[in-house]
Structure formats: C-alpha cells, structure tokens
Amino acid sequence: MINASIRKDFPMLNGRKMQGHDLVYLDNAATTLKPQCVIDAVTHYYTHLGANAHRGDYELSFEVDTAYEGSRKAVAQLINADEKEIVFTSGASASLNLIAYGYGRKFLKEGDVILSCEAEHASDVLPWMKCCEENGCVIEYIPLNDEGRIEIETFKKCLHEKVKMVALAHVNNVLGYEQPMAEICALAHQIGAIVSVDAAQSVPHMKIDVKKMDCDFLSFSGHKMCGPTGVGVLYGKYNLLQQMDPFMLGGGSNARFDMCGNILLKDAPYKFETGTPAIEAVIGLHAAIDYLNQIGMENIHQHEKELHDYAIEKLMQLENVHVYNPHADGGIITFNIKDVFAQDSASFFNSQGIALRAGQHCAKLLNEKLGTSATLRASFYFYNTKEEIDRFIEVCAQANIENCLNLFF
Amino acid sequence: MSGYFDDPMVLREILMDHYQYPRNHELTHDETYMSRHMASDSCIDDIIVEAKINDGVIEDIRFDGVACTISTAATSIMSELLKGKQLEEAHTIIDNYHQMIDGKAYDEEMLEEAVALKGVGKQANRIKCATIGWKAIEEMIEESEGK
Ligand SMILES: Cc1ncc(COP(=O)(O)O)c(C=O)c1O
C-alpha cells in the first residue's frame, strides 16, 4: 500500500469537511484532487511566466515554450510515444471528438462500420453517431457477456470487412473492466481497421505503453490524473495525425496562407493546436505526471486493487448492498442500496461526508445487463485509505430508506 | 392542523406513502391531454407528466417515469393538490410551493401534504427533484394560457 503520508500533499484532504464530516472523496472516476505541486505549477505560470506560447521572441516567451514543450515530452514518455504524436486538447472528450471529426468524417464512407459497445461513455459514442449522420456509416455494438465484459471470441465475430474503426474504452467508467486492448488492436489491424482507445479511466491508474498496445489513437484527460482541468491528450500514430483534419483553423496551426484561400497547415501535432491553449494546465499536467511517476504507476494500480478487494470483501457481507461489478479490474465499485433509488442513497452518503456519484451512466447497458435504471459509483485513487473504506462501509451499513428520508426532516 | 404538519414522523409517512403508492401514476396517452417529458441532465429523474386543462380548470394530471423518492412523492402530491383547481388558484399554490422550497414564508394550509417537502433544501442538490414535476405542470398551464 502507498503510505498515507502522501495525503498531506493534497490540500483537499487536509481539513476539508462536507456536511460537517471529514470529506471522504470517492468520486475519482469523475475527477481527481490536486496535489500542491500541481497547484503551484499552475500559479507559477501566472506568477512568473505570464507570456503566450509559440508567439514571442523574448526570454519570457521562450521560457513558456520550453515549459509547454517539456510537458509534451513528459506525456510522451508516460505512454511511450514520440513527442510529435502528442496533441494537447481540452480533455478526453475533445480528443475523441477530434478523431471522429478529423479522421472519421474525412475517411469513413457510406456503409463503413464503427465498432463500439453498449458500455461506452457518451463522449466515445456520440461523436461517432454524428459522423454516421454525416457520412452514412453505421455503428455496430459488440455484445457484452453477462458480466458486462467484451470477450475476445465475441469481438472476433464482430469483425468483418466493413469494419473500419474500433472505438472502445480501455477501462470502462461504469464497470471498471479492463478490456484486452492489445489483442483487440492486433485483431482489428488484421482486417485493416483503425483502433481508437478511450483511456480516460486507464492512463491515470496504470502503466500504459502505446507501442505495446499498438493502438492507433489514445485519448485521456489531465484532470483525472491529478492534473488541471482544461487539458487532455490525443495520442495518434504520426502518419494518421498527418492525414487527419483539425477541427479548428486559425492562429498557431497554419504555416502560411494567402488571399486566394490557400492554407498550408503546420505538421502534427501543431496543426491541431489552434489558438491560445490552456498553457497553465499543460504546465500543471507536467507536474502531475512527475508526481505520479514519483509514486509509480505500478504502485498506484496495486494500491487501488487492494482497496477494491478490501472494500468488496466487506460489502459482500452487507445484506442491504448489491454490487454489480465485484470483479472489476480497477478501483470502481458500482452498487445500489437495496430498495433505495440511487439518488436517494447518494444524498445519505453526502450527509455523511462521502462524495460519490449517482447516475444512470448508460441507460441501455444498465437496464439490460444490470437490471436497474440507476446506480451509485464509488471510485478510488491512490490517496484513498483503508480507513476511508471502513468509513464508507459503515455508512453503507446504515443506509436504508428511512435514513435516506430522515435527511429531509 | 399545524401541529400535525410539524411532526417529522407524519411528514415522513406522507412522503413514503406517495413514493410507494403514487397517485395518478398512469399515463393516458390521450390526445386531449398536454404532455411534458422532464429529464434533466444533472439528475436521474426522467418523468412524463400529462395534464388536461379546459376552460381554465385543471381537470386531470397524470405522471409516470423513473424517479427518486422525492420527485415521485412531490409529483404525486402535486397531482392530487392541483387536480380540479382553477388556474388562478393553481398559480397561487405553485408560487407558495416554491416559496416553501426556497426557505421563504409560505401558507401551510394551502399546501396540505406538500408540506412534507419543506426540508428538501437541506440537501441542496435535491431541490430539482422536488420541483421537476411541478415545473411540468407550470409549463402546461402557461401553454394553456397561450403564453
Ligand atoms: C471513459 C471516459 N471517457 C471519456 C470521458 C470524458 O472525459 P472529459 O470529461 O474529461 O472530457 C470520461 C469522463 O468521465 C470517461 O470516464
């Protein structure tokens, strides 16, 4: 287990109360808390650097460029990519939209198939629906097994010559299952399909190597890995990035243009980074990556696994709790308090200082696979402790419809 | 009367009762009814409310959908309270209800069982649950008034 002393690095974990209780933050799949070093990196930019990136020829601006590109290098190293394959976006959603717009709309044709699954995050499926509307391609959904996973045998059966794109999450945000991405990529490549991996829930929690995985695109957000909001990453194989269209044009991304309408774009990744980016967030992301590396991605993964197993063992002993994904690979527990609607129980957890998420996530998946329309989700990160899990379990044990309603009187 | 509505046990019973046995909890799909699908992105509740309004009177209110205790009970109570009311009276009751939810002065007598929702503001994010069904009827009243 990671030593709980790292909690002192997080201002939010030192004295912040919620509804009169010490905060137990278990909504890490939504966003993560920030260590002081990340906060400092952000304010350092505003306090000591100030200038724009890629713009000026003076010392300050040069320093900003160096910091900005230094972050790109850190991201590249984190996932074993090349610097020029790293595009800064505003977040995973922006990265996923950029793929569907810049690659999908440009290259997919009528009748082409995009493979998705019923458990995908909206940001990984709606952009493709739009692409289908524009280009006449279609989405086919890979059936999940009873547990909610993609089985490789099923995946094989879904591949056919019309499949040109496979767009799947590496780790699912509702069920926390890790999909066998390397195998999926290898199989998809055999038929010439491109694989876009939504890694929003995996890059923050485990060691990712894009070369080993051999994915074509990989998207994630800074804020889910201790970084600032407003910055995300699109990794793409360089030749694909070069072929792709940006979805914004303007300053920073063109090499030159003339009055006749000839535009010469810069090479990737710069052709995608039009306009002034969230410079402080990019710099803050670098600090976050350094911080995570210092703790070690393997340790982070191990810690979360231990917390997960510890919590599951205790939850299984509670008669009033139903867990939908006891065998999740990551630190995500999706559950309900029996006979209590998720929104009602979430308020009870709130009243006890426990932050977790109530939602219907993806209605289709939940209705058909889980047999419920709404669930609660507790998601862990490396700064959560067994003591916090104990507190969470204690509140679970007290949760019932009476206690949930008592909050209002 | 006011003593009765001050007893938390009683108020909780009212909520539970309307949650477990919601009134008017069946849609008609009748063309003479107006209908509103209420689904907010920040909340799980997803309900449909129907109303039949004729000559300035709310003749019927119906609802159905997936919803939490608070929104089910609040909508059920609303459907009983406003059914048969003149629009003018309905407006006064609705205004009064919002006053209560917002923690301002309100007339308890007029709200009857809806008083069970007076504490909902203690969990601020649940205010939308307590008002989602009420919003639907407000919109339909406005529609019937040609606004
Ligand atoms: C699997 C997955 N994909 C994409 C996203 C979107 O991330 P963002 O909101 O940072 O763009 C999320 C965030 O909830 C996610 O869990």
The stretch A:84-106: number of residues that are farther than 22 Å from residue A:192 by Cβ, surrounded by 19 or more Cβ atoms within 10 Å (Cβ to Cβ) and more than 16 Å from the ligand (Cβ to nearest atom): 1
Somewhere in the stretch A:24-44, is a residue in the same structural domain as residue A:283 (by TED's automatic domain parsing) and among the hydroxyl-bearing types (Ser, Thr, Tyr)? yes
Of all residues in the stretch B:53-80 being of a type in the set (Gly, Ala, Ser) and away from chain A (no Cβ under 14 Å), the one that is farthest from the chain's Cα centre (by Cα): B:56
Being more than 23 Å from residue A:90 (Cα to Cα) and within 16 Å of the ligand (Cβ to nearest atom), is that true of even one residue in the stretch A:119-127? yes
The stretch A:221-245 residues that are within 14 Å of the ligand (Cβ to nearest atom), paired with ones that are of a type in the set (A, V, I, L, M) and at pLDDT below 95 (beta carbon under 6 Å, 6 or more apart): none
The helices (runs of 4 or more DSSP H) lying wholly within the stretch A:294-409 that contain at least 2 residues that are out of contact with any Lys or Arg (no Cβ under 9 Å at 6 or more places or on another chain) and among the aromatic types (Phe, Trp, Tyr) are A:342-351
Note on the stretch B:87-113: residues within 24 Å of residue B:54 (Cβ to Cβ), among the hydrophobic types (A, V, I, L, M, F, W, C) and touching a residue at least 24 places away in the same chain (Cβ under 8 Å) are B:87, B:90, B:94
When every residue in the stretch A:187-203 that is more than 16 Å from the ligand (Cβ to nearest atom) and in a loop (DSSP other than H, G, I, E, B) is compared, the one surrounded by the most Cβ atoms within 10 Å (Cβ to Cβ) is A:193
In the stretch A:255-270, what residues are within 15 Å of residue A:53 (Cα to Cα) and at pLDDT below 95? A:270
Residue that is of a type in the set (Lys, Arg) and within 14 Å of another protein chain (Cβ to nearest Cβ), where the choices are A:377, A:391: A:377
Can you find a residue that is free of Cβ contacts under 8 Å to residues at least 24 places away in the same chain, among the hydrophobic types (A, V, I, L, M, F, W, C) and either within 14 Å of another protein chain (Cβ to nearest Cβ) or in contact with a helix residue (DSSP H, G or I) (Cβ under 9 Å, 6 or more places away or on another chain) (or both) anywhere in the stretch A:328-336? no
Candidates A:152, A:184, A:208, filtered to the one that is more than 16 Å from the ligand (Cβ to nearest atom) and of a type in the set (A, V, I, L, M): A:152
Considering only the stretch B:96-106, how many residues are under 25 Å from residue B:19 (Cβ atoms) and surrounded by fewer than 18 Cβ atoms within 10 Å (Cβ to Cβ)? 4
Name the residue, out of A:70, A:15, A:50, A:56, that is more than 16 Å from the ligand (Cβ to nearest atom), more than 26 Å from the chain's Cα centre (by Cα) and either at negative phi or touching a residue at least 40 places away in the same chain (Cβ under 8 Å) (or both). A:56
Among the residues of the stretch A:338-357, what is the count of those that are within 12 Å of chain B (Cβ to nearest Cβ) and within 15 Å of residue A:401 (Cβ to Cβ)? 12
Residues of the stretch A:204-228 that turn out to be closer than 25 Å to residue A:30 by Cβ, surrounded by fewer than 21 Cβ atoms within 10 Å (Cβ to Cβ) and of a type in the set (D, E, K, R), as a count: 1
Would you call residue A:215 more than 11 Å from the ligand (Cβ to nearest atom), in contact with a strand residue (DSSP E or B) (Cβ under 8 Å, 6 or more places away or on another chain), away from chain B (no Cβ under 14 Å) and under 17 Å from residue A:104 (Cβ atoms)? yes
Exactly one condition in (1) of a type in the set (Asp, Glu); (2) within 15 Å of the ligand (Cβ to nearest atom); (3) surrounded by fewer than 20 Cβ atoms within 10 Å (Cβ to Cβ) is not met by residue A:140; state its number. (2)
Scanning for something at pLDDT below 95, within 16 Å of the ligand (Cβ to nearest atom) and over 16 Å from residue A:199 (Cα atoms), does the stretch A:107-118 turn up at least one residue? yes
For the stretch A:277-301, which positions are polar (S, T, N, Q) and touching a residue at least 40 places away in the same chain (Cβ under 8 Å)? A:293, A:299
Residue B:146 vs. criteria at pLDDT 95 or above and outside any helix (DSSP H, G or I): no
Is it true that residue B:23 is surrounded by 15 or more Cβ atoms within 10 Å (Cβ to Cβ), under 30 Å from residue A:401 (Cβ atoms) and at the interface with chain A (Cβ under 10 Å from one of its Cβ atoms)? no
What number goes with the only condition from (1) crowded, with 19+ Cβ neighbours inside 10 Å; (2) assigned to a loop (DSSP other than H, G, I, E, B) that residue A:38 does not pass? (2)
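The values are calculated or read from the model by the stated rules, or taken from the named source; none is laboratory data. Since the structure is predicted, the reported quantities are computational estimates derived from the model, not experimental observations. Heads up, the Cβs are rebuilt from the backbone with ideal geometry, glycines too, and the neighbour counts pull from every protein chain shown.
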